[in-house]
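For reference, the structure is listed below as C-alpha cells.
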Amino acid sequence: DSRARQPVLLLLTDGQIGNEQAVTEALGGHPGLVVHTFGVDTVVNDALLQGIARRQRGRCVLLRPDEDVPAALSRLGVLLANPVVTGIELPPAWESADGPLPDLYEGQSATCLVRGPADGTLPLQGLGPEGAAIVLPSVNFHPVEGPAVPLLWARRRLLDLERQNQAAPCVSLSKEFNLLCRFTAFIAWDEQQHVAVAQQHLQQPALAPAGWNGANPSDLPCSSFFEYFRSPVSPSFASRKPSSAMGLSSDEDGTAPADWSWEPLFQLPGGDALQQLIRQWISSENLAGNWDAGERLSLLVQAVVGEHPHNPVRQLLTLVQRLPDLLGAGTRWTSKLDALRRQERW
C-alpha cells in the first residue's frame, strides 16, 4: 500500500520563477513531504532550490545543461532508495534553524544548525530503514568562543520564520542577536550631539515633473515654487517675452532657459556637447534678433519627449534627426551637429 510509504517529490527545474514566496508557502504546508530539488541551468536559482530542499528534508543537486542529466538522476534514485535514518527528531529543548532535520542516506552526510542547552550532548532519534524507531548515538560537542556560530544560526532561523510570516518570533530573535529582518529596522540615536531644531522654513529646489513643460505657471499647484526660483532679469531683457513655459527668465548671456536641459536625454553620452552647441546657436539667434529661438527649441524637445516617453535614447536620436530643420540647412550649426553625430556615432 503506497499510502503507508513516505511521500517524496523530485522537483526538476531551473528555479527561475516569479512567485517564490507562494511556492515555498505551499510546500511548507506539507511538513511530511520530502522534496529533492534538481536544478539544471547555467544560471540556476540555487538559493531557492537549496532553501526548498533544506526546509523539506531533501537534497539539492545542481547541474549544467551540458552535463549527463539522466546519469545524475539515476544516481539520485539509487541514493533515495537506500535511506539510513529518516524522521530525525531533536529533544524538546533544542531548536533547529531550518525546521525538520534532513534525512540521512547511504554514503551521505548532512549539516544542520541547532540551538539548545550547553550540557555537552545532543541525543537524537529517528526511523531506521525498516521504519522502526531507533536511537542514534549522542552527539558530543564542545563550546567555542566567538559570535560566528550563534549569528549563523540566528540568520538562518530568521529566514525560516520570515518564510512562515511569523512576525513576533522574528522581532524577538532580531532583538536578541541584533540582526535585521523584514519586520525590524535599526534606529540610531546620538545622546552626545545636541542640535537645536531649525525654525527657518526652507524650500528645496527640484526638477520639474514630467508633462509640466508646456504648462502655465499660474495654473500649476505650486506656482509659488517657481516664482521663488525666478532668476533676476537684466534690464535689456526685461521687455522680452519669456521663452520658457516654466516662467524662468533668460540668462544674462542671452541663452535660452535651462528647463529643456533637465531632460534625461541630455544626461546620456554626448548630451553635454549637444547642450553646448544648442546654447551657442540660441545665443547667435538672440543677437540676430530672433528672440523666439529658445521657445522653438523648447517646443521641439517637448515634442520629442512626448513621442518617446521613458526612452531617453530614442528621444536623443530623434532630436538629433530633427535639429537640422531648426538650425537651418547648410549653416555652420548643422555642420557642427553632423561632426558631433559622427563623433558620438548617433
Next item on the list: Scan the stretch 259-273 and report the pairs whose first residue is assigned to a helix (DSSP H, G or I) and whose second residue is among the basic types (Lys, Arg) and open to solvent by 10 Å² or more (accessible area, probe 1.4 Å), with Cβ atoms within less than 9 Å and a gap of 6+ or a chain change.
Entry: Ser261/Arg279; Leu265/Arg314
Notebook entry, point to check: Within the stretch 140-151, can you find the residues that are of a type in the set (A, V, I, L, M, F, W, C) and open to solvent by less than 90 Å² (accessible area, probe 1.4 Å)?
Noted result: Phe141, Ala148, Leu151
Check: Among the residues of the stretch 290-304, is any without any contact (Cβ under 8 Å) to a residue 24 or more places away in the chain, assigned to a helix (DSSP H, G or I) and touching a Pro at 6+ places or on another chain (Cβ under 9 Å)?
Finding: no
Notebook entry, point to check: Out of all the residues in the stretch 164-194, which are touching a residue at least 12 places away in the same chain (Cβ under 8 Å), open to solvent by less than 90 Å² (accessible area, probe 1.4 Å) and outside any loop (DSSP other than H, G, I, E, B)?
Noted result: Ala167, Cys170, Val171, Leu173, Ser174, Phe177
Next item on the list: Answer yes if at least one residue in the stretch 42-55 is modelled with pLDDT of 80 or more, open to solvent by less than 40 Å² (accessible area, probe 1.4 Å) and hydroxyl-bearing (Ser, Thr, Tyr), and no otherwise.
Entry: no
Check: What is the number of the single condition among (1) modelled with pLDDT under 70; (2) closer than 30 Å to Gly51 by Cβ that Ser218 does not meet?
Finding: (2)
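Find the residue count for the stretch 93-104, including only residues that are modelled with pLDDT of 85 or more and in a loop (DSSP other than H, G, I, E, B).
Going residue by residue through the stretch 93-104, those that are modelled with pLDDT of 85 or more are 94-97.
Still in the running and in a loop (DSSP other than H, G, I, E, B): 94, 97.
Within the stretch 93-104, residues that are modelled with pLDDT of 85 or more and in a loop (DSSP other than H, G, I, E, B) number 2.
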Next item on the list: Look at Ser244 and say whether it is at pLDDT below 85, part of a loop (DSSP other than H, G, I, E, B) and open to solvent by less than 20 Å² (accessible area, probe 1.4 Å).
Entry: yes
Checklist line | Leu161 vs. criteria in a helix (DSSP H, G or I), touching a residue at least 12 places away in the same chain (Cβ under 8 Å), surrounded by 13 or more Cβ atoms within 10 Å (Cβ to Cβ) and of a type in the set (A, V, I, L, M) | finding: yes
Item checked: Looking only at the stretch 105-121, and only at residues there that are under 17 Å from Arg157 (Cβ atoms) and either in contact with a helix residue (DSSP H, G or I) (Cβ under 6 Å, 6 or more places away or on another chain) or not in a loop (DSSP other than H, G, I, E, B) (or both), the one that is least open to solvent (accessible area, probe 1.4 Å) -> Leu113
Note to self: Would you confirm whether or not the stretch 337-345 contains a residue that is of a type outside the set (S, T, N, Q), more than 21 Å from Trp262 (Cβ to Cβ), open to solvent by 30 Å² or more (accessible area, probe 1.4 Å) and more than 38 Å from the chain's Cα centre (by Cα)?
What the structure shows: yes
Margin query: When the residues of the stretch 59-94 are narrowed to those that are under 22 Å from Ala133 (Cβ atoms), of a type outside the set (A, V, I, L, M) and open to solvent by less than 70 Å² (accessible area, probe 1.4 Å), which ends up nearest to the chain's Cα centre (by Cα)?
Written below: Trp94
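The values are calculated or read from the model by the stated rules, or taken from the named source; none is laboratory data. The structure displayed is predicted, hence computed values, not measured ones. Glycine gets a Cβ as well: all are built from the backbone with ideal geometry, and neighbour counts include every protein chain shown. The accessibility values were calculated without ligands, DNA or RNA, using every heavy atom of the protein model including side chains. Shrake-Rupley method; radii C 1.70, N 1.55, O 1.52, S 1.80 Å.
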